[in-house]
Amino acid sequence: MNAQETYKAVLFGPNVIGSGTEIELHFANGGYQDVVVLEAVEDGQTITRTYRKGRETAEPIPYRFVDEEVTDETAEGSVPN
């Protein structure tokens, strides 16, 4: 059996976030993923972006940007001891 394990998706968001970037995603429990969370490390910061599946059903499946969280790995606390 040649079951397809991945599908094409395209990411959209404000400004250059997502910017129509095509990616391949794995099916989750036999269907499209509802939420996609991507993580990247840039300049000592961990950036976590969340995308939610659009309503269209033809590939590539659109995902819209919904949230971004930035964690600074190199920042030191400013609370005195």
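Which residue pairs have Cβ atoms under 7 Å apart, sit 6 or more places apart or on different chains, and have a first residue in the range 24-44 that is without any contact (Cβ under 8 Å) to a residue 60 or more places away in the chain and on the phi > 0 side of the Ramachandran plot and a second that is loosely packed, with under 12 Cβ neighbours inside 10 Å and part of a loop (DSSP other than H, G, I, E, B)? Short answer, once both residue conditions are applied: Gly44/Glu73; Gly44/Thr74. Under the condition of being among the acidic types (Asp, Glu), closer than 15 Å to Glu69 by Cβ and modelled with pLDDT of 90 or more, the residues counted in the range 1-58 number 1.
Total residues in the range 29-58 satisfying the condition of being surrounded by fewer than 11 Cβ atoms within 10 Å (Cβ to Cβ) and under 19 Å from Tyr7 (Cα atoms): the figure is 8.
The values are calculated or read from the model by the stated rules, or taken from the named source; none is laboratory data. Predicted model, so just to flag it, every value in this text is computed and none were measured. Using ideal geometry, Cβ is built from the backbone for each residue, glycine included, and neighbour counts are taken over all protein chains shown.
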